[in-house]
Amino acid sequence: MLKAMIQEKEATTSRYRNERHKAVASFLFTYSNVASRLQKMISEHGLTLQQFNILRILQRQHPHPTCNCTIRKQMLDARSDITRIVDRLVKEDLAVRKNCRDDRRKVNITITQKGLDMLARMDHINEKMDGIMDCLTDSEVCELSRLLDKIRNQS
């Protein structure tokens, strides 16, 4: 029994080069876990995480229109194909796209009332989303945010 526990510990610790490598792997495993849990909550409303993220960005801008470049700067996953996602939101009548009067190259995007209503119906999942961090104290949540900001903002 003891030998099996030691072998399991060695197998677990030997897969990482060092603690930094282990931390990066742990971060990626955690990201995947949290993203899956969020997607499950959101998919009950027929949306993907990226669609939900864009709708929330449009909601914050409402009633003012915004453009793809502004959305990209605020996206959680900046690698997302914003044009394709907005196309889907427009098709579902959750957003509307109009050419800008001042700059023909620019396209203005605005959330529709149907999009606002959908987000209002989804308000109840905010507590579930917050619940993902329930295993941490308030000070641990603040420290985690500070550390993640530090990693993200390094040169």
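None of the figures in this text is laboratory data; all of them are computed from the coordinates on show. Note that the coordinates shown come from a computational prediction; the quantities given were computed from them, not determined experimentally. In this analysis, Cβ positions are derived from the backbone assuming ideal geometry, glycine residues included, and neighbour counts consider all displayed protein chains.
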In degrees between 0 and 90, to the nearest 10, how far off the longest principal axis of the chain does helix 2-14 point, with axes built from Cα atoms?
40
All other residues with a Cβ under 11 Å from the Cβ of residue 108 taken together, and with Lys, Arg as +1 and Asp, Glu as -1, what is their net charge?
+2
Thinking of the chain as a set of Cα atoms, what percent of all their pairs are more than 24 Å apart?
50
Any chance you could give the angle, 0 to 90 degrees and rounded to 10, that helix 138-152 forms with the longest Cα principal axis of the chain?
80
Relative contact order for the chain, counting Cα pairs under 8 Å that sit 6 or more residues apart, in percent
17
Residue 74-residue 20 pseudo-label distance in nm [points 7 Å out on the Cα-to-Cβ vector]
3.6
May I ask for the angle, rounded to the nearest 10°, between helix 82-91 and the longest principal axis of the chain, with both axes built from Cα atoms and the value confined to 0 to 90°?
60
So how far apart, in nm, are the two label points at residue 91 and residue 40 if each is 7 Å from Cα heading toward Cβ?
2.8
Linear extension gain, residue 107 paired with residue 33, 0.36 nm per residue minus alpha-carbon span:
23.1 nm
